[in-house]
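The values are calculated or read from the model by the stated rules, or taken from the named source; none is laboratory data. Just so it is clear, the structure is predicted and the values come from calculations on it, not from any experiment. Methodologically, a virtual Cβ is constructed for each residue, glycine included, from the backbone with ideal geometry; neighbour enumeration extends over all protein chains shown. For accessibility, only protein heavy atoms count, side chains too; no ligands or nucleic acids. Shrake-Rupley method; radii C 1.70, N 1.55, O 1.52, S 1.80 Å.
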Amino acid sequence: MGVLAGAEPFGHTGSAETGFLLCHGFTGTPASMRAWGDHLAGAGFTVRCPLLPGHGTRWPDLNRTTWEDWYGAVREALLALLSTCKTVFVGGLSMGGTLTLRLAEEFGDRIAGIVLVNPSVTRLRWDTKLLPVLGRIVPSVPAIANDIKKPGETELAYPRTPVRAAASLAKLWAVVRADLAKVTQPVLLLHSSVDHVVEPVNSQLVLRGVSSTDVTEVVLENSYHVATQDNDAEVIFTRSVEFAKTHAAQPEETA
């Protein structure tokens, strides 16, 4: 089966001065990032949003991948942006925020700043520790997708949560949490006041763990988890552009 309609990766080629890499969430697709990407492109930025391996097709495909595969895809996209743009920012939703943090940990000041929307770095539910065992017994559990407050808005994501892939995501959380102090870039963190997927402790752990001295926290009062498609989407989009313009390298003056 091919990629679902609307789940395709996308990109916009704008200024060589500033690039923006966007990372979608677990079981989701670039569709949840498209409006964000369009807004960034409208501001003149070069934008890339890859489709992560195992996503956007059938949920069993995700069980055949691991966090290293997902990270490899965003890492490759980042390297491509770094080769063409003077200044590069990375933004992500949910697990996309996890991947964004990992990129920040690895690449340091080669990334000018990161934008996190409801990022995940842990889960407090008692059954999380059972995921590796559960994955040998059942291939999937009910979906985590489509947590949106806005009426009539639907997330393009899998109807089931693949358990073996979820166990790999838990491993990524541990890796990212262990290295949060390596994050030194400016951070814009936007999180929903009500989120039925990612618990509030996630944003707290990120805020306490990073070493960044320039950190801005924004509470989204009228959105659930998939905030990039929810009532506060324009807040995310506008604040992202302001953040990037503030922290972008200034063009060199010509004599």
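Under 5 Å between amide hydrogens, built in the peptide plane, is the criterion, and for VAL141 it picks out THR161, VAL163 among residues at least 5 positions away or on other chains. Oblate is the label for the stretch 147-243. Its Cα gyration tensor axes, ordered a ≥ b ≥ c, give a/c of at least 1.5 and b/c at or above a/b.
For the stretch 176-187, 3J(HN,Hα) computed residue by residue from phi via the Karplus equation (6.51, -1.76, 1.60; θ = phi - 60°) reads 5, 4, 5, 10, 4, 5, 6, 7, 10, 6, x, 10 Hz, glycine and proline entered as x.
Of ALA166, ALA31, ALA143, which is the most mobile in a GNM of the chain whose springs link Cα atoms less than 10 angstrom apart? Its mean-square fluctuation being the largest, the pick is ALA143.
Below 8 Å between Cα atoms, with a sequence gap of 6+, how large is the relative contact order for the chain in percent? About 21 percent, as a whole number. For GLY14, nonlocal amide neighbours, meaning residues 5 or more places apart or on other chains whose placed amide H falls under 5 Å from its own, are THR46, VAL47. Secondary-structure-derived ellipticity at 222 nm for the chain, considering helices only, amounts to -10500 deg cm²/dmol, per-run term -39500 (n - 2.57) for DSSP H runs with n ≥ 4. Amide H contacts of GLY113 (H built 1.01 Å from N, in plane; Pro and chain starts excluded): VAL90 sit under 5 Å, all sequence-distant by 5 or more or on other chains. For the stretch 112-119, the Karplus equation 6.51 cos²θ - 1.76 cosθ + 1.60, evaluated at θ = phi - 60°, returns couplings of 6, x, 10, 10, 10, 10, 6, x Hz by residue, with Gly and Pro reported as x. Annotation: the antiparallel percentage among DSSP beta bridges lying fully within the chain is about 20.
Under Stokes-Einstein, with the Kirkwood radius over Cα pairs as Rh, the value for the stretch 10-247 at 37 °C and 0.692 mPa s is 188 µm²/s. Legend: residues LEU101, LEU205, sorted from most to least accessible area (1.4 Å probe; ligands, DNA and RNA excluded), read LEU205, LEU101. Phi angles across the stretch 10-24 convert, under the Karplus curve 6.51 cos²θ - 1.76 cosθ + 1.60 with θ = phi - 60°, into 3J(HN,Hα) values of 9, x, 9, 9, x, 5, 7, 6, 9, x, 9, 9, 10, 10, 7 Hz, Gly and Pro given as x.
I'd like the distance separating the alpha-carbon centroids of the stretch 23-51 and the stretch 183-255, in whole Å. Value for the Cα centre distance between the two parts: 15 Å. Ranking THR100, TRP67, ALA181 by how far each Cα lies toward the positive end of the dipole of the chain (charges on Cβ) leaves TRP67 at the top.
Please go through the stretch 147-235 and write out the GluC sites (Glu not before Pro) that DSSP classes as loop and that have at most 11 other C-beta atoms within 10 Å. Those that pass, being in a loop and sparsely packed, are GLU221.
Placing unit charges on each Cβ (+1 for Lys and Arg, -1 for Asp and Glu) gives the stretch 201-241 a dipole about its Cα centre, and among LEU220, ILE236, VAL206 the Cα reaching farthest toward its positive end belongs to VAL206.
Counting only protein heavy atoms and a 1.4 Å probe, the stretch 10-247 has 40 square angstrom of accessible area per residue. Remark: the GLN204-VAL141 segment gains 20.0 nm on full extension, using 0.36 nm per residue and subtracting the alpha carbon distance. Dipole check for the stretch 10-247: with +1 at the C-beta of Lys and Arg, -1 at the C-beta of Asp and Glu, and the Cα centre as origin, the magnitude is about 700 Debye. For helix 67-84, report the angle its Cα long axis makes with the longest principal axis of the Cα atoms of the chain; keep it between 0 and 90° and round to the nearest 10°. The helix 67-84 is inclined about 10 degrees to the chain.
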